[in-house]
Amino acid sequence: MDAALLNRIKATLEKHSPEQIKYDCPKCEDRGYTFEIKDGYEVAVPCECLEKKQSIEKLALSNLTDVFKQKTIKTFTTNTEWQIEAKMKVLEYVNNFKETNASLILTGNPGGGKTHLGVGAMLELINNNVGCVYKEYISMLTNLKQVSMNEEEFIRELEKYINPRVLFLDDFLKGEVTSADRKYIYKVINTRYLKGKPMIISTEKSIKEILMFDEAVGSRIVEMTQNNIITFPRGLENNYRLRGVI
Ligand SMILES: [Zn+2]
């Protein structure tokens with residue numbers, strides 16, 4: 001068959017073929033990879049849409065509720081100078097993260113917006129395709145305690161706090177700490193420290209109080225922050241939950 005005829009048949013077939021599938025990314029047809037020939041071999045090359053897709057997956061695995069997903073850095077309201085300063089510091093932390101791999105501590109007064117800014121930092125990191133998982137400190141301890149008698153289950157539970165690229169531990173050192181708790185806390189913090197895995201920590205405790213609680217734990221945390229410590233001022237007037245009430 002001659003080429004011209006072949007092309008005519010092809011064109012006719014295309015005209016009558018079912019409607020073309022719509023892809024989110026026409027370049028890779030939603031495969032996440034394109035295929036190129038390099039040195040005679042066909043290799044898969046990550047498509048530019050892959051990072052976006054991965055970051056959506058990371059958000060799904062983040063353990064953040066829909067309410068928390070609204071707590072972006074942008075939606076953090078700044079009425080006072082220290083709030084502006086805190087917001088700037090979080091932005092700086094996030095922007096430098098890929099070079100510093102640092103941890104972040106948000107310490108101080110309850111109701112100052114520590115969790116909001118911590119989640120905001122997380123969301124921004126996830127947007128930059130850095131995996132982050134949110135965990136409440138109290139439930140971490142409860143969950144570890146519940147499976148402490150079964151080694152296999154305990155390791156599986158422990159991995160939830162060790163494996164994430166970045167772990168947000170909310171309300172660190174809240175309440176009484178038993179000697180068993182102390183062991184778990186050290187295990188999680190020390191393993192992350194040795195693996196170079198950063199944390200975002202919110203806590204009502206001051207840096208001094210954390211160091212007094214346990215110097216080994218405290219000094220590792222402080223070292224990992226590389227000075228990314230945001231202190232919220234004490235005082236009821238800084239508690240936005242009580243604004244208008246007192
Ligand atoms: Zn693509």
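Below, the figures for the structure above:
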read-out: Whole-number D in µm²/s for the stretch 117-225 (Stokes-Einstein; Kirkwood sum over Cα pairs; 10 °C, 1.306 mPa s); value: 112 µm²/s
read-out: Max mean-square fluctuation residue, GNM over the chain, Cα-Cα springs under 10 Å, options TYR134, TYR184, TYR41; value: TYR41
read-out: Violating pairs (Cα-Cα greater than 24 angstrom) within the set LYS98/LYS195; LYS52/LYS195; LYS174/LYS197; LYS87/LYS145; LYS135/LYS197; value: LYS52/LYS195; LYS87/LYS145
read-out: Solitary cysteines of the chain, where the nearest other Cys Cβ is not under 4.7 Å; value: CYS132
read-out: In Hz, Karplus ³J(HN,Hα) per residue of the stretch 62-77 (6.51, -1.76, 1.60; θ = phi - 60°; x = Gly, Pro); value: 6, 6, 8, 6, 4, 5, 5, 5, 7, 7, 7, 4, 4, 7, 6, 7
read-out: On Cα atoms only, tilt of 151-162 relative to the major axis of the chain in degrees; value: 80 degrees
read-out: DSSP bridge orientation in the chain - percent antiparallel, rounded to nearest 5; value: 25 percent
read-out: Net charge contributed by nearby residues that have their C-beta within less than 14 Å of SER139 (K/R +1, D/E -1); value: -1
read-out: The stretch 81-147 - charge dipole about Cα centre, Lys and Arg +1 at Cβ, Asp and Glu -1, debye rounded to 20; value: 260 debye
read-out: The chain: angle of helix 137-146 to the longest principal axis, Cα-based, in degrees nearest 10; value: 90 degrees
read-out: Added length on full extension, which subtracts the Cα-Cα distance from 0.36 nm per residue, GLU152 to ASN63; value: 29.8 nm
read-out: Debye log10 I(q)/I(0) at q = 0.08, 0.10, 0.13 Å⁻¹ for the stretch 61-242, Cα point scatterers; value: -0.23, -0.37, -0.63
read-out: Proximal aspartates and glutamates relative to LYS27, as straight alpha-carbon distance under 16 Å, when same-chain residues fewer than 8 apart are discounted; value: GLU36, GLU48, GLU51
read-out: Cβ-based net charge around ILE126, under 12 Å, with every Lys or Arg adding one and every Asp or Glu removing one; value: +1
read-out: Three-way shape label, the stretch 1-72, alpha-carbon gyration tensor, a/c 1.5; value: oblate
read-out: Cα centroid of the stretch 72-128 to Cα centroid of the stretch 149-179, whole Å; value: 23 Å
read-out: Highest-fluctuation residue, GLU215, GLU48, GLU14 considered, GNM on the chain with Cα pairs under 10 Å; value: GLU14
read-out: For the chain, built as a Gaussian network whose Cα springs stay under 10 Å, the top-fluctuating residue of THR80, THR142, THR12; value: THR12
read-out: Anisotropy class of the stretch 49-98 from Cα gyration tensor, a/c 1.5 cut; value: oblate
read-out: 3J(HN,Hα) from dihedral phi, the stretch 183-200, Karplus parametrisation 6.51/-1.76/1.60, rounded to Hz, x for glycine, proline; value: 5, 5, 4, 4, 4, 5, 5, 5, 5, 5, 4, 5, 8, x, 10, x, 10, 10
read-out: Phi to ³J(HN,Hα) by Karplus 6.51 cos²θ - 1.76 cosθ + 1.60 over the stretch 43-51, Hz, x for Gly, Pro; value: 10, 7, 10, x, 7, 5, 6, 5, 4
read-out: Debye, to nearest 20: dipole size of the chain, +1 on Lys, Arg Cβ, -1 on Asp, Glu Cβ; value: 380 debye
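Read the figures in this text as sums done on the coordinates, not as results from a lab. In this text the structure is predicted, and so the values were computed from the model without any measurement. Here Cβ is always computed from backbone atoms with ideal geometry, including for glycine, and neighbour counts include all displayed protein chains.
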